[in-house]
Structures are given as structure tokens and as C-alpha cells.
Amino acid sequence: MDDRSRRELRRGGTVKVEGKSFEIVWFKGGRKEDEVGIKEKTRKGAYSVTFTVEGGMWLSNLLNQIAEGRTTVGSTFKRIEPLGYLMGTVKENVRGKFSK
């Protein structure tokens, strides 16, 4: 697939959560090996990560488990990805539980 066709399949959006802005980019094909990118923008800087669509589904499931209270603070989760791994530890502060 050439670069122009790939750009035409590219989709994205932005969401704001607790004062942070998250830019999400994915490709419309939706195959499990396609890439998803997330860039977090805060007052302190910007951080980005790229992972597979399947990795995105794994992360979504993990965040859902945290939101529903089905995880214990201190639990660590890890998923191997083609370019490295996704890893998170459940933490808690005054706003509630989150993954870091």
C-alpha cells in the first residue's frame, strides 16, 4: 500500500480527561496487527506510545477492569508487543484507581 492510500485510511480523534488531552490515531483497516497511536498532552509535556489494535483491546479491557474495581492496587499487568511491551501497575490517589 502506498503512502497516499495509507493516509486516506488514517482516522483519529481527541479526548480530554481530568485536564489532560489524548490524541488517538488508528488506521481504518482494523486488522489486529495494525497500529494505534496515543499521544498524551499535559502542561508538563507530551508523551506518546504506539501499539497494535490487539494491544489496544487488551489495554481497554485492563482499564475497564480497573474502573469496575476488579483489580487490586499494586497489581502489575504486562503484554508483549512487536516493538516492546505494554505494562501497567494499578495505583490509587484521591481521584480513584488508575494504571501507570
Residues that are surrounded by 12 or more Cβ atoms within 10 Å (Cβ to Cβ), among the small types (Gly, Ala, Ser) and over 13 Å from the mean Cα position of the chain (by Cα), drawn from segment 81-100: none
Residue list for segment 60-75, filter: at pLDDT 85 or above and closer than 10 Å to Ser99 by Cβ: Leu62, Gln65, Thr71, Ser75
Of these, Gly69, Gly37, Gly55, which one is assigned to a loop (DSSP other than H, G, I, E, B) and either touching a Pro at 6+ places or on another chain (Cβ under 8 Å) or among the small types (Gly, Ala, Ser) (or both)? Gly69
With the first residue restricted to segment 84-100 and required to be closer than 15 Å to Glu18 by Cα, and the second required to be of a type in the set (Asp, Glu) and assigned to a strand (DSSP E or B), Cβ contacts under 8 Å at 6 or more apart or on different chains are Phe98/Glu92
In segment 67-88, residues that are closer than 24 Å to Glu35 by Cβ and among the β-branched types (Val, Ile, Thr) total 1
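The values are calculated or read from the model by the stated rules, or taken from the named source; none is laboratory data. Predicted model only: the values in this text are computed from it and were never measured. A quick note on method: Cβ atoms are made from the backbone with ideal geometry, for glycine too, and the neighbour counts reach across all protein chains shown.
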